[in-house]
Amino acid sequence: MTRGGFEGLDACVHCGFCLQACPTFLVTGDESDSPRGRIELMRAFERGDLAASDEALSYHLDRCLGCRACEPVCPSGVRYGQGLEAARSRIADATGTPRLAKLALWVLTTPGVSGMVYWLARVLRAAGFPRLLAGWGRFGFAMGMLAATRPAKGGARRRTAPHVADLRRPAPSSAVQIFRGCVMEGLFRHVHDATRRTLSVNGYECREVAGQVCCGALHAHAGLLDQARELARRNVVAFGNGDEPIVVNSAGCGALMKEYGHLLGDAAGARFAARVRDVTELLATPLAGAPLDLHVAYDPPCHLIHAQRIVTQPLRLFAAIPLLELVTVAGAADCCGSAGLFTLLEPEMSRAVLQTKIERIRAAAPQVVATGNPGCLMQLGAGLAAAHAAARVRHPIELLDDSYRAAGRYG
Ligand code: SF4
Ligand code: SF4
């Protein structure tokens, strides 16, 4: 009988190697806030020794970022993320989903509703208030998150990607389908534009796909696996049966889409998953651009480095930009505390994790913090603004885009 993901936890031998990799354990020092402690709670829950309504169970699982930093350091190959999703799903089935989480999902991912919300957010962003109102309080932090989504001046100049014929580049040799997502499409269209342009320069023809929807990652992390499956099925249909790669520029979306086979449990989901590529995978050996005299701190998103195990490709992208200097930040691969809806639902723990990161970034004094995930861009941007740090956040692909524009590759 299938155990819905709990079997991924069986390999745990309680060695504790994962403890020092866990950001929440480092904040509280409480074993129940560590991967090993949470695995024990989840196993007790699966056995029936703990009820779904058990307060300690939900308290400590709610405080897990789902960052999966515990997976690559585990010598036994524990699939913590799958176990966590299974536990959260079973708890949500039994006790319901918090109202705030439901509201956030409705606002951010429901077509028709989210379009209006993102439009209002863009209007507010264009007025310039969010940056002025940024701070550590709930409202100030939300404003800082919104301010972090604004396009940089150079990147904003061209709202849509130039027509293929405008570019000085090799003739397109491969077609790829672009995944747009919900938050990325609502607040980071400039990153989609940069993705299309930089891929075009490197010989990829980006094709739009009608009928695509939210990837379902936020739903899956909230334990709403049935809703995540429904969205996944719609995406599988929309992207069709071809073999063109599906390019994603959001690490969180890409991580879940690469797991559609497991999520849906069928061959169509597995075929879809095998086609998904992060944009830095497609641009692993990009053409060089013009020099950018910038000090950049790269902050690898958890869902890129831990969930997708994409480590070196983004570094090669930066290497294609002459003069750009990567500065070292202690604990760069540690979670920033964003984690989907976590920043909204568990603000205290989220800020505690973020503050350590912001202090370390400030010590390295970069001009730009680059990261390839919308949640991380907003969380880090809000933290930097609240701390009155001068550095701003950019998606790595935006930097390559700036470099190509400076090199005249766009005509
Ligand atoms: S490192 Fe792996 S096996 Fe060891 S305690 Fe953590 S999850 Fe269990
Ligand atoms: S997913 Fe992240 S926060 Fe959760 S137990 Fe693993 S390392 Fe800790």
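The values are calculated or read from the model by the stated rules, or taken from the named source; none is laboratory data. The model shown is predicted, which means the values in this text are computed figures rather than measured ones. Virtual Cβ from ideal backbone geometry, glycine too; neighbours counted across all protein chains shown. The accessibility values were calculated without ligands, DNA or RNA, using every heavy atom of the protein model including side chains. Shrake-Rupley method; radii C 1.70, N 1.55, O 1.52, S 1.80 Å.
Structure data summary
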{"item": "Where labels lie 7 Å past Cα in the beta-carbon direction, separation of Phe129 and Ala56 in nm", "result": "4.7 nm"}
{"item": "Spacing of the two label points (7 Å from each Cα toward its C-beta) at Arg234 and Leu120, in nm", "result": "2.1 nm"}
{"item": "Average accessible surface area per residue within the chain, 1.4 Å rolling probe, Å²", "result": "42 Å²"}
{"item": "Estimated distance in nm for a label pair at His388 and Phe139, the labels positioned 7 Å out from Cα along Cα-to-Cβ", "result": "2.1 nm"}
{"item": "Length gained when the stretch Asp226-Thr110 is fully extended (0.36 nm per residue, less Cα-Cα span)", "result": "40.2 nm"}
{"item": "Carbon and sulfur %, accessible surface of region 261-411 computed with the full protein complex present, 1.4 Å", "result": "54 percent"}
{"item": "The chain: most fluctuating residue of Ala175, Ala385, Ala147 per GNM, C-alpha cutoff 10 Å", "result": "Ala175"}
{"item": "Portion, in percent, of the accessible area of region 20-116 that falls on carbon or sulfur, probe 1.4 Å", "result": "54 percent"}
{"item": "Theoretical gain in end-to-end length, Val73 to Val13 [0.36 nm per residue, Cα-Cα removed]", "result": "20.3 nm"}
{"item": "Test item: Cα-centred dipole of the chain, Lys/Arg +1 and Asp/Glu -1 on Cβ, debye", "result": "1440 debye"}
{"item": "Distance between region 111-152 and region 1-70 - C-alpha centres, whole angstrom", "result": "34 Å"}
{"item": "Compactness relative to 2.2 N^0.38 Å, alpha carbon Rg of the chain", "result": "0.95"}
